[in-house]
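> Handing you a structure now.
The values are calculated or read from the model by the stated rules, or taken from the named source; none is laboratory data. Note that the coordinates shown come from a computational prediction; the quantities given were computed from them, not determined experimentally. So basically every Cβ, Gly included, is an ideal-geometry build from the backbone, and we count neighbours across all protein chains shown.
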Amino acid sequence: MDQQFIVSMAFILASFALYIGIAVYNTAKSTSDFYVSGRGVSPVWNGMAIGADWMSAASFIGMAGTIMILGYDGLAYIMGWTGGYLLLTFMLAPQLRKYGRYTVPEFLGDRYNSDKARLLGAIATIIICFVYSIGQLSGSGVVIGRLLEVDAKVGTMIGVVLIAFYATMGGMKGITWTQVAQYIVLIMAYLVPVIFMSLQITGNPLPWLSYGKIVSEFHELDAALGVSEYFAPFTNGNKAQFLALMFTLMAGTAGLPHVIVRFYTVPTMKAARWSGAWALLFIALLYLSAPAYAAFSRFILMTQVAGQKMSELPAWTTSWIETGKLQLADANGDGILQWAEMVIANDIVVMATPEIANLGIFVIGLVAAGAMAAALSTAGGLMITISSALAHDIYFRTINPNASEKKRLAVGRWSILAATLVAGLVALNPPGVITQIVAWAFALAAGSFFPALMLGVWWKRSNAQGVIAGIIIGLAVTLSYIFAAKYGGFTIAGIIDTGAGVFGATAGFLANIIVSLATKAPSQKQQEEVMDLRYPEQMTYKDGEVWMDEGNDAKIG
């Protein structure tokens, strides 16, 4: 048992103990605690929890690797995800918080006065979160598999057990404070290696300022190794795919139910806006570092690994080859490893770079703990959201409205256990790499919830028939395009499966608008409720005018 294994295990076990301890200390005792953390979380802490909920295994493990391998084309992930948060923070989150419900399906059901809309929203929530959770559990398998030097499938099941325990115990209350701790762990784990690499390669400890120097050297390195230029646009796809992917991630971000529900945990509409602002700051720390991480990793591989004798490759290559995520083959038989003879999975770049750069066992252990925090934080939030859809929107609001609070909590906890187990079984043999699977979840959210929520908040004419048609058609178009592009080779304008959201969202908007206009308008009361959402909490829309809430006796205009 080597030192690296002992240190990494110590980091991970210590973080596991912390998460479990937080969950036990913050055990949910009411449905309000379980679903919205009692609506008492401050904007700063909620922003940090949103950051952890948002920065999943795709962001921590997959994004830098995707940028390293795709170059310019990988920037669509950063721009799409960041733009989506701005859209969510300013256009949806405060308005949804003012409406005061527990879940997105509950908002749809009450906004449109339709049990069918709520049930359909619950089904869409389960589908989106289930697909997303497969990517997270697959990521946890990569981390644990490498650490224990076992098959990634074994690592996945270990992650399943841990998530099932602390999500079941604490509900949203426990998840909130667990995610705060997980954010601190994951951001330290991401920044420490990139700062050390910057210092090691450029002598400057500020990677955000120094990596431009490394990027300027890629032109000569790319030419010497005979590979496409790192910053040449659209070498791994075309412009249409780049824009479609960016839109899919942006619209999907604004429609992700497990992210939206975090804005329900704060006390006011103003606090929801500030939560979004703090979340953007915390997320930016990682997103601004990812391109630097990718550039440093690529530089080290190009200068210190490519061109080496096959018999003299560093020890870390053997460990990663055993995970199945790294393939090295001397195709031309010259005994030298060429750049083209390395097949590196996107998902291992962040995990492997501390070993590649020889940053030491403590940094390697810290990164392992950070990667687990990223995968578990999002997976926990996803399981709570699936549980909310099953136990609150389907069981309580549809099947058994008279269920006691104790019964509702029990159903919620059993829902988490079942959902985690099923998602874990699918993640044993994931249908794609982490970033690809996550992009599918965003596409599904873009096709279903994004049109429903945008029109539900900003178009008072949208009605129940319209939103039902929009969600069904948006989901159907998105799913059909994903399957046709991935398994049938069918594309439009070169847009592959990860950009399917552009078609789903378009179909969802058109269906909602056309059907709403062709059917009866919502009641005057419903339309006034929609108008009311657009004003601060101190103001109320009534009879075509805006009033102060204090007794409705001070007309604004």
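> For residues in region 439-466 being among the small types (Gly, Ala, Ser) and over 27 Å from residue 371 (Cα atoms), which is surrounded by the most Cβ atoms within 10 Å (Cβ to Cβ)?
In the first step, residues of region 439-466 are kept if they are among the small types (Gly, Ala, Ser); the result is 439, 441, 443, 445-448, 452, 456, 462, 464, 466.
Checking which are over 27 Å from residue 371 (Cα atoms) leaves us with 447-448, 452, 456, 462, 464, 466.
Working: 447: 37, 448: 34, 452: 30, 456: 27, 462: 28, 464: 22, 466: 27.
Among them, the one singled out is 447.
> Restricted to region 272-301, and to residues that are part of a helix (DSSP H, G or I) and among the polar types (S, T, N, Q), which residue is surrounded by the most Cβ atoms within 10 Å (Cβ to Cβ)? Quick ask: steps written out before the conclusion?
Here is the first cut: in region 272-301, the residues part of a helix (DSSP H, G or I) are 272-287, 290-301.
Subset that is among the polar types (S, T, N, Q): 275, 297.
Details: 275: 28, 297: 26.
Among them, the one singled out is 275.
> Name the single residue that is surrounded by the fewest Cβ atoms within 10 Å (Cβ to Cβ) among those in region 424-438 being modelled with pLDDT of 80 or more and farther than 19 Å from residue 371 by Cα.
Here the residue is 429.
> Report the residue count in region 378-410 for those that are under 28 Å from residue 441 (Cα atoms), in contact with a Phe, Trp or Tyr (Cβ under 7 Å, 6 or more places away or on another chain) and not charged (D, E, K, R).
Of the residues in that region, 6 qualify.
> Right, next: Restricting attention to region 165-183, which residues are over 17 Å from the mean Cα position of the chain (by Cα) and either under 13 Å from residue 371 (Cα atoms) or at pLDDT 75 or above (or both)?
Across region 165-183, the qualifying residues are 177, 181.
> So residue 307 clears everything in (1) over 31 Å from the mean Cα position of the chain (by Cα); (2) modelled with pLDDT of 80 or more except one condition, right? Which one?
(2)
> Give me the residue from region 66-106 that is at pLDDT below 85, among the β-branched types (Val, Ile, Thr) and surrounded by 24 or more Cβ atoms within 10 Å (Cβ to Cβ) and, out of that set, nearest to residue 525 (Cα to Cα).
103
> Of all residues in region 334-363, which are over 20 Å from residue 157 (Cα atoms) and either buried (at least 24 other Cβ atoms within 10 Å of the Cβ) or charged (D, E, K, R) (or both)? Before the answer, list the steps.
Taking region 334-363 as the starting set, the residues that turn out to be over 20 Å from residue 157 (Cα atoms) are 334-346, 349-350, 352-363.
Listed by number, the residues that qualify are 334, 341, 349, 350, 352, 353, 354, 355.
> Now, a different point. Hey, among the residues in region 244-289 that are of a type in the set (Phe, Trp, Tyr) and more than 14 Å from the chain's Cα centre (by Cα), which one's farthest from residue 49 (Cα to Cα)?
Keep residues of region 244-289 that are of a type in the set (Phe, Trp, Tyr), which gives 247, 263-264, 274, 278, 282, 287.
Then drop every residue that is not more than 14 Å from the chain's Cα centre (by Cα), which leaves 247, 263-264, 274, 278, 282.
Working: 247: 25, 263: 10, 264: 13, 274: 13, 278: 10, 282: 10 Å.
Among those that are of a type in the set (Phe, Trp, Tyr) and more than 14 Å from the chain's Cα centre (by Cα), it is 247.
> Quick one: residue 529 ticks every box in (1) farther than 19 Å from residue 91 by Cα; (2) among the acidic types (Asp, Glu); (3) modelled with pLDDT of 65 or more bar one, so which box is it?
It fails just one condition, (1).
> A follow-up question, please. Consider residue 234 against the criteria (1) on the phi < 0 side of the Ramachandran plot; (2) in contact with a Phe, Trp or Tyr (Cβ under 8 Å, 6 or more places away or on another chain): it satisfies all of them except one. Which criterion is unmet?
In the conditions (1) on the phi < 0 side of the Ramachandran plot; (2) in contact with a Phe, Trp or Tyr (Cβ under 8 Å, 6 or more places away or on another chain), residue 234 misses (1) alone.
> Which residue, of 109, 121, is at pLDDT 85 or above, touching a Phe, Trp or Tyr at 6+ places or on another chain (Cβ under 8 Å) and crowded, with 24+ Cβ neighbours inside 10 Å? Give the derivation first.
Values: 109 fails: touching a Phe, Trp or Tyr at 6+ places or on another chain (Cβ under 8 Å).
Answer to the check: 121.
> Another question about this same structure. Residue 401 passes all but one of (1) buried (at least 20 other Cβ atoms within 10 Å of the Cβ); (2) closer than 30 Å to residue 414 by Cβ; which number fails?
(1)
> Can I ask one more? Within region 24-42, count every residue that is modelled with pLDDT of 75 or more and crowded, with 22+ Cβ neighbours inside 10 Å.
Qualifying residue count, region 24-42: 1.
> Could I ask something else about it? Would you confirm, using the coordinates I've provided, whether residue 391 is at pLDDT 85 or above, closer than 26 Å to residue 464 by Cβ and surrounded by 19 or more Cβ atoms within 10 Å (Cβ to Cβ)?
Details: at pLDDT 85 or above: no; closer than 26 Å to residue 464 by Cβ: yes; surrounded by 19 or more Cβ atoms within 10 Å (Cβ to Cβ): yes.
So residue 391 does not fit the description; no.
> In the set 445, 379, 441, 357, which member is over 16 Å from the mean Cα position of the chain (by Cα) and either among the aliphatic types (A, V, I, L, M) or within 18 Å of residue 145 (Cβ to Cβ) (or both)? Talk me through it step by step, then tell me what you get.
On the way: 445 fails: over 16 Å from the mean Cα position of the chain (by Cα); 379 fails: over 16 Å from the mean Cα position of the chain (by Cα); 441 fails: over 16 Å from the mean Cα position of the chain (by Cα).
Among 445, 379, 441, 357, only 357 is over 16 Å from the mean Cα position of the chain (by Cα) and either among the aliphatic types (A, V, I, L, M) or within 18 Å of residue 145 (Cβ to Cβ) (or both).
> List the residue pairs whose Cβ atoms are under 7 Å apart, where the first residue sits in region 482-495 and is closer than 18 Å to residue 439 by Cα, the second is part of a loop (DSSP other than H, G, I, E, B) and aromatic (Phe, Trp, Tyr), and the two are 6 or more positions apart or on different chains.
From residues that are closer than 18 Å to residue 439 by Cα, the pairs are 484/490.
> Here is a further query. Please work out if residue 471 is part of a helix (DSSP H, G or I), in contact (Cβ under 8 Å) with a residue 60 or more places away in the chain and in contact with a Ser or Thr (Cβ under 9 Å, 6 or more places away or on another chain).
Working: part of a helix (DSSP H, G or I): yes; in contact (Cβ under 8 Å) with a residue 60 or more places away in the chain: yes; in contact with a Ser or Thr (Cβ under 9 Å, 6 or more places away or on another chain): yes.
Against the criterion (part of a helix (DSSP H, G or I), in contact (Cβ under 8 Å) with a residue 60 or more places away in the chain and in contact with a Ser or Thr (Cβ under 9 Å, 6 or more places away or on another chain)), residue 471 qualifies.
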